[in-house]
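Undergrad: Pasting a structure below so you can have a look.
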Amino acid sequence: MSAAFIFEQLLNSLQLGVMLFVMAAGLTLVFGVMGLINLAHGSLYMVGAFFCAWVAGETGSFWVGLGAGLVAAAAAGAVIEMLVMRRLYDRDHLDQVLATFSLILIFNEGTRWVFGAQPLYLDIPAGLATSVPLPGGGGYPLYRLVIIGFGIATAVGLYLLISRTRLGMQIRAGESDREMIGALGVDINTLYTLVFAIGAMLAGLAGALVGALQSVEVGMGEPVLILAFVVIVIGGIGSIKGALIGAILVGLVDTLGRAFLHKLFALALPPAEANGYGAAMASMAIYLLMAIVLAWRPKGLFPVNA
Amino acid sequence: MLEMRNETYLNVGIALLLLAVPLGAWVMDESYYITVASRVAILALAGVGLNLALGFGGMVSFGHAAFFGLGGYAAGVLSHHAFEGSVFLNWPVTIDGSDATLTLWFAAILLSGAVAAIIGMISLRTSGVYFIMITLAFAQMIYYLAISLPTYNGEDGLPLYLRSSLPGLDMSDDLTFFFVCYALLLLAIFLSVRIVGSRFGAALECARQNETRLSAIGIAPYPVKLTAFVFSAMITGLAGALFVELNGFVSPSILSWHLSGEIMIFVILGGVGRFYGPIVGAALFIVLETVIGGYTERWQLFLGIILLGVVLFARGGVIGLLAGKARHD
């Protein structure tokens, strides 16, 4: 096992981690401000990926597609906020789960209707389809490094948005007391639509970026959605800092588990069995991580309003 | 009291209707509808299980497919070994496969109950939205375990060639199989009624409404909720075992989170905390699926729209709509 391989796996972990962060940040932002649990977040991820792939296919430019994906996801988010989510803020979580679960059914079937049942393919933008040399030999795909860059930029951007801008101030105020900021003259409906659209756009960003690494297909958002849930449960629901730490942790545990666990098992078992059990353990690893974190801190690593 | 009596009439009507459909189908020699009725009874049984946790205990479990699937796998794997004539386990004790229905049911209940005890112990330390997400995540963990373990064909699943045998009954006969499912469904509802009406049920109700108050009168909420959670999982696990026998097939799809969502929908559509609600919910769901599915392959789209409408505008489910508000909360 060379140093380059380990380094490569670490970069893969980071890439998965930052994408999960972009996904989880929107989820946790919406929960923090509106108290809404949104299962349809994965659908917005799918919308971003589909529009990006479609427009990129029509225009030949990935970047135009990316822009279209972001706009489409944000627009879809704003529309479902105004039509559906708005009625759910005062409901209990059970109603929110069911309503947003219904939205998943609608989005999945609607997407299949519009784009067809075949998966779309999104090419890595020309110029980024190369790899850069790693210290210690071997190369690493440039596009994945760009994804890491996007993730870090999103984290910094969100931090600045929330801590330095007027909108961020309103978001923070909305988290602690929604009646009060309404009384102070902030148009709460517009604020909520805006926050939801930002969260949706983040999901769309993640979907479009990851769309170039895998096939763009109906239901692609669901596994990511559940990983994002694990992330925000570990980090503390509503905490963006928690989402960042949780995402990196989950990225590390998942990627390294898949890369190394079967080798660990191979020390004690014959190769075929070691591969099987290694894969099984690796797919359970992040949930075990979650269980351990919760046994230790039931409200996550960075509890909000503790 | 009048409303309560309305609900009682309605419940009897629901139970009789579910019985009448397969009998009618049997008379008209339409075996497809007998199978549909068995599906409704089995899914309703899964809902009855969830209702105990969700409706009466206020524990919004989004992971009940885990217990449904584990029950299914327990039954499926044992009967697979019985068919192959191989052993399930050699060490520390030898466990053979089995094709005796009662053994399969017992295994399903035991496995889903044991796993629910572990999941519940961790999950019940949290509440609210954390509980929803954690139960979902644990169910996914078991789903991925079933997919990645090669022993039982992973994602492809296991076909089962024979129905198990229950002394004195021909389980391979569709109508007999329906009666067995129906009897178990009514038994589970009866058990739920008894549990909810007991001292334990009163404590559970109180834990749902106000844990602090329950602690103040000297009852710790955690063991009460955990017990109810385990019972709930056992009932759903039994439903899983029946489902696998009905289909003659077990695969990770019965562990998927879509199924968790659907079981939840059965409970909500019928009415949360209504004993016969899950029958109505499951029946409506299957009818919608069959009817809309007959017109268009996009039935999920319309199902989604209908469900969304129910959640947004028709709170209390169908029984709430027909029998009025009966619960005091």
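Undergrad: Quick one: putting +1 on the C-beta of Lys and Arg, -1 on the C-beta of Asp and Glu, what dipole do you get for chain B around its Cα centre, in Debye to the nearest 20?
TA: Here the size comes out at about 1360 debye.
Undergrad: Next question, about the same structure. Can you list the HN-Hα couplings for the stretch A:17-26, worked out from phi with the Karplus curve (6.51, -1.76, 1.60; θ = phi - 60°), rounded to whole Hz and with x for Gly and Pro?
TA: For the stretch A:17-26, the Karplus curve yields x, 5, 5, 4, 5, 4, 5, 5, 4, x Hz.
Undergrad: Considering only A:T59, A:S102, A:Y287, whose Cα is most displaced toward the positive end of the charge dipole of chain A, charges sitting on Cβ of Lys, Arg (+1) and Asp, Glu (-1)?
TA: About the Cα centre, the residue reaching furthest to the positive side is A:Y287.
Undergrad: Also, quick follow-up: To the nearest 10 square angstrom, what accessible area does A:E175 show with a 1.4 Å probe?
TA: Approximately 70 Å² of A:E175 is accessible to the 1.4 Å probe.
Undergrad: Rank these by accessible area, largest first, 1.4 Å probe: B:L110, B:L204.
TA: B:L110, B:L204
Undergrad: Let me ask something additional. So what is the 222 nm mean residue ellipticity for chain B from helices alone, if each DSSP H run of at least 4 adds -39500 (n - 2.57) and you divide by all residues, rounding to the nearest 500 deg cm²/dmol?
TA: Theoretical 222 nm ellipticity from helices: -24000 deg cm²/dmol.
Undergrad: Can you tell me the relative contact order of the stretch B:20-256? Whole percent, Cα pairs under 8 Å, sequence separation 6 or more.
TA: For the stretch B:20-256, the relative contact order is 41 percent.
Undergrad: In whole Hz, with x marking every Gly and Pro, tabulate ³J(HN,Hα) for the stretch A:243-250 from phi via Karplus 6.51 cos²θ - 1.76 cosθ + 1.60, θ = phi - 60°.
TA: 4, 5, 5, x, 5, 5, 4, 5
Undergrad: Would you give the gap between the C-alpha center of the stretch A:103-180 and the C-alpha center of the stretch B:97-172, rounded to a whole Å?
TA: Rounded to whole Å, the Cα centres lie 36 Å apart.
Undergrad: Just to be sure I understand: of the beta bridges DSSP finds with both ends in the protein assembly as shown, what percent are antiparallel, rounded to 5? The partial results should precede the final answer.
TA: Numbers: 9 of 10 bridges.
Of the beta bridges lying entirely in the protein assembly as shown, close to 90 percent run antiparallel.
Undergrad: Computed over the Cα atoms, what is the radius of gyration of the stretch B:154-211 divided by 2.2 N^0.38 Å, N being its residue count?
TA: 1.80
Undergrad: Something else: For chain A, what relative contact order do you get, as a whole percent, if you take Cα pairs closer than 8 Å and at least 6 residues apart?
TA: Worked out over chain A, it gives 33 percent.
Undergrad: Dividing the alpha-carbon radius of gyration of chain B by 2.2 N^0.38 Å (N being the number of residues), what value is obtained?
TA: Here the Cα radius of gyration is 0.98 times the empirical estimate.
Undergrad: Further question: Please compute, for peptide A:88-99, the average count of beta-carbon atoms on other protein chains lying within 10 Å of each residue's beta-carbon.
TA: For this peptide, the per-residue mean of nearby foreign Cβ atoms is 5.
Undergrad: Taking amide hydrogens as modeled 1.01 Å from N in the peptide plane, which residues meet the under 5 Å criterion relative to B:V250, leaving out close sequence neighbours?
TA: Under 5 Å from the amide H of B:V250 lie the amide H atoms of B:L158, B:L160, each far enough along the sequence or on another chain.
Undergrad: Please compute, for peptide A:294-302, the average count of beta-carbon atoms on other protein chains lying within 10 Å of each residue's beta-carbon.
TA: Numbers: counts 7, 3, 0, 2, 9, 4, 2, 0, 0.
For this peptide, the per-residue mean of nearby foreign Cβ atoms is 3.
Undergrad: Let me ask another. Skipping prolines and chain starts, which residues have an amide H placed within reach, meaning under 5 Å, of the one on A:Y140, given they are 5 or more residues away or on another chain?
TA: Those qualifying (amide H under 5 Å, at least 5 residues apart or on another chain) are A:V132, A:L134.
Undergrad: A further question follows. Probe 1.4 Å, all protein chains in place: accessible area of B:L166 in Å², nearest 10?
TA: Near enough 30 Å² of accessible area.
Undergrad: List the residues, sorted by chain then number, that are 5 or more residues from B:A100 or on another chain and whose placed amide H is less than 5 Å from its amide H.
TA: Amide H neighbours of B:A100: B:S165.
Undergrad: Enumerate the calculated ³J(HN,Hα) couplings along the stretch A:83-91 in order (Karplus 6.51 cos²θ - 1.76 cosθ + 1.60, θ = phi - 60°), each rounded to whole Hz, writing x wherever the residue is Gly or Pro.
TA: 7, 10, 4, 3, 7, 9, 4, 8, 7
Undergrad: Let me ask another. Between B:E289 and A:A129, how high is the FRET efficiency from 1/(1 + (r/R0)^6) when r is the Cβ-Cβ distance and R₀ = 60 Å? Nearest 0.05.
TA: With R0 = 60 Å, the Cβ-Cβ based efficiency is 0.85.
Undergrad: Same structure, new question: Report D for the protein assembly as shown in µm² per second (integer): Stokes-Einstein, Kirkwood Rh on Cα pairs, 20 °C, 1.002 mPa s. Working shown, then result.
TA: Values: Rh = 25.8 Å.
For these conditions, the coefficient is 83 µm²/s.
The values are calculated or read from the model by the stated rules, or taken from the named source; none is laboratory data. As the structure is a computational prediction, the values presented were derived from the model and not from experiment. Neighbour counts are summed over all protein chains in view; Cβ atoms, including those assigned to glycine, are modelled from backbone coordinates with ideal geometry. Heads up: the accessible areas ignore ligands, DNA and RNA and are worked out on the full protein's heavy atoms, side chains in. Shrake-Rupley method; radii C 1.70, N 1.55, O 1.52, S 1.80 Å.
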